[in-house]
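Here the structure is laid out as structure tokens; the discussion comes afterwards.
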Amino acid sequence: MRDKCGIVGIYSSDQSRDVATPIYYGLFALQHRGQEAAGISAHNGKEISTYKGMGLVCDVFNNGEIEGLEGNVGIGHVRYSTTGKSKLKNTQPFTSEFQDGRIAIAHNGDIINSMELRQDLVDKGHEFKSTTDSEVISHMLSSEYAKSMNMIKSIENVAEKLIGSYSLVVLLNHELYVVRDPVGIKPMALGEKNGLKMVASESVAFDVVGADYIRDVEPGEILLLNEKIYSHKMKIAESTPRAHCMFEYVYFARPDSILDGKNVYNVRLNIGRELHREFPVDADVVMPVPDSAITAAIGYSRASGLPYGEGLIKNRYIGRTFIMPTQEEREMSVKLKMNPIKSELEGKSIVLVDDSIVRGTTSKALIDVLKEAGVKEVHLRVGCPPIISPCYYGIAMASKKELVAANNSVKEIRKSLGVASLGYLSIDSLKKCIGLDEEKLCMGCLNGKYPTELPKNLKEYESCRC
Ligand code: SF4
């Protein structure tokens, strides 16, 4: 599974300070949110300079490019594509001419109705340089701004037409605007350090530059960061219920992040504890599928009193972009990614904790690896309830027909995986672990109830998402 992007925005009240370097470090901390491309835009009071490229943050900025990015205000982006293929022209920040200068936009999320909005703009004579949602938003902002010459008003008017998920940082000349969609699907937090005001997809980006986490950007909030933080709440946010993505807590966010006031590490410990409460079992050892299930496995081990151990070692140098076209190659990629420690596994009965099951192919390949290593039996515990429906908000998982839990009972999945027992965390327990009510969470992929309208033409929508 892939998420679509991580973003950072920084304003420094010290006009002589270049913020490209702290943005770079912030992006480093958000690398897990996107490894296909990275970019930074900064404004020095006269002009915006941008550098972006394909690859990891350290590969893109490996040759002194940061020094060329001058300015005390800027934005940055790490990308994983869902809209717009993985190409240089689709990398972000997306920059273009604007009414009175230049604009740069970085976006985390997915605009469900972007195809209709784009067609509407094309019909009105707009020309596009990329295939991204961000460019659609940029054109819409430009049209609105031409009417009011007021950016906050323009953002609010555009937001009323957007359906989907979006956290945005917008650099309009020397001004930094921050937007979170009215539902609050994607995360966005606000931090501060000695005159440095910072926003980021996750609070871990603050830790690396020594900024303090202040609060989360509220769903439907528009911020203007300069000497003071100016906040404006969109009107549509008053009547729109919140729906934070449950998957950020289960899998995507780093465990050392705080999302909407909740400590992700604690949520994952809770998940392990609840998995044990719901599915206790007598075994020799509790082991995680590394790295994402480590905290939940610790939680299970503590609750059960069973020892925690490592049976699989992850090769950290294989990127998530390592996409295998055939089933055989995918199985081989699992072996490249995870190597068993035979001495820890031989003859043991293990509780294997994983964060989620999507297609089931990776789980099956992993179980086979464990069995080849001599494990006696595997009791699989999954920290996410069965995924039965696709995500339309920027998390590329699979179509409905590919989702194993959409088409098979738990009993059938257990049999096909060849495990002694299988337990998925229940939806009620997940809510309890996160500490938010169902009305404040998006659980669309678990229960088919989505917090926004869905694409009108699902087939066409899916064919343009990569
Ligand atoms: S559908 Fe699932 S993965 Fe997508 S935003 Fe909602 S909870 Fe997250």
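Rule-based calculations on the coordinates, nothing more; no lab input. This one's a predicted model, so the numbers in the text were calculated from it and none came from an experiment. Neighbour counts are summed over all protein chains in view; Cβ atoms, including those assigned to glycine, are modelled from backbone coordinates with ideal geometry.
The relative contact order of the range 2-241, computed from alpha carbon pairs under 8 Å that lie at least 6 residues apart in sequence, is 22 percent. The distance between label points at Asn194 and Glu278 comes to 4.7 nm (points 7 Å beyond Cα on the Cα→Cβ vector).
By per-residue mean of other Cβ atoms within 10 Å, what is the highest-first order of 415-423, 214-222?
On the way: 415-423: 16.3, 214-222: 20.1.
Output ranking for 415-423, 214-222: 214-222, 415-423.
Below 9 angstrom from the Cβ of Met443, what's the summed charge of the other residues (Lys, Arg +1; Asp, Glu -1)? Please list the in-between numbers first.
On the way: positive: Lys431, Lys449; negative: Glu438.
With Lys, Arg at +1 and Asp, Glu at -1, the net is +1.
Taking a Cβ cut-off of under 13 Å around Ala29, the surrounding Lys, Arg, Asp and Glu residues balance to a net charge of -1, with basic ones at +1 and acidic ones at -1. Under the criterion of Cα pairs below 8 Å and six or more residues apart, the relative contact order for the range 12-94 equals 39 percent.
For the chain, what does -39500 (n - 2.57) per DSSP helix run (n ≥ 4), summed and divided by total residues, give at 222 nm, in deg cm²/dmol to the nearest 500? The partial results should precede the final answer.
Numbers: 17 runs with 142 residues, N = 466.
That comes out to -8500 deg cm²/dmol.
Which of the peptides 56-65, 116-125, 264-273 is most tightly packed, and how do the rest follow, judged by the mean count of other Cβ atoms within 10 Å per residue?
Working: 56-65: 16.0, 116-125: 13.5, 264-273: 23.7.
So the peptides 56-65, 116-125, 264-273, ranked by packing, come out 264-273, 56-65, 116-125.
Going through the cross-link list Lys235/Lys449; Lys314/Lys440; Lys335/Lys431; Lys89/Lys186; Lys52/Lys432; Lys129/Lys228, which pairs have a Cα-Cα distance over 30 Å in this structure? Those over the limit are Lys314/Lys440; Lys335/Lys431; Lys52/Lys432; Lys129/Lys228.
What is the range 2-241 by shape, rounded, prolate or oblate, if you read a ≥ b ≥ c off the alpha carbon gyration tensor as root eigenvalues and call it rounded for a/c under 1.5, prolate for a/b larger than b/c, and oblate otherwise? Taking the square roots of the gyration eigenvalues as a ≥ b ≥ c, the range 2-241 is rounded.
By counting other Cβ atoms within 10 Å of each Cβ, how are His43, His139 ranked from fewest to most?
Details: His43 27, His139 21.
Ranked by crowding around the Cβ, least crowded first: His139, His43.
Look at where the Cα atoms of the range 14-35 and of the range 334-356 average out, and the two centres are 36 Å apart.
With K and R counted +1 and D and E -1, the other residues having a Cβ less than 11 Å from that of Glu274 yield a net charge of +4. Phi-derived couplings, Karplus 6.51 cos²θ - 1.76 cosθ + 1.60 at θ = phi - 60°, listed residue by residue for the range 386-398: x, 8, 10, 8, x, 9, 10, 10, x, 10, 7, 10, 4 Hz, with x used for Gly and Pro.
Under 8 Å for C-alpha pairs, at least 6 residues apart: give me the relative contact order for the chain, rounded to a whole percent. Write out the running numbers ahead of the final one.
Details: 1104 pairs, mean separation 65.6, N = 466.
Relative contact order here is 14 percent.
Does the range 259-450 come out rounded, prolate or oblate, given a ≥ b ≥ c as the square roots of the eigenvalues of its C-alpha gyration tensor, rounded meaning a/c under 1.5 and, failing that, prolate meaning a/b above b/c? Taking the square roots of the gyration eigenvalues as a ≥ b ≥ c, the range 259-450 is oblate.
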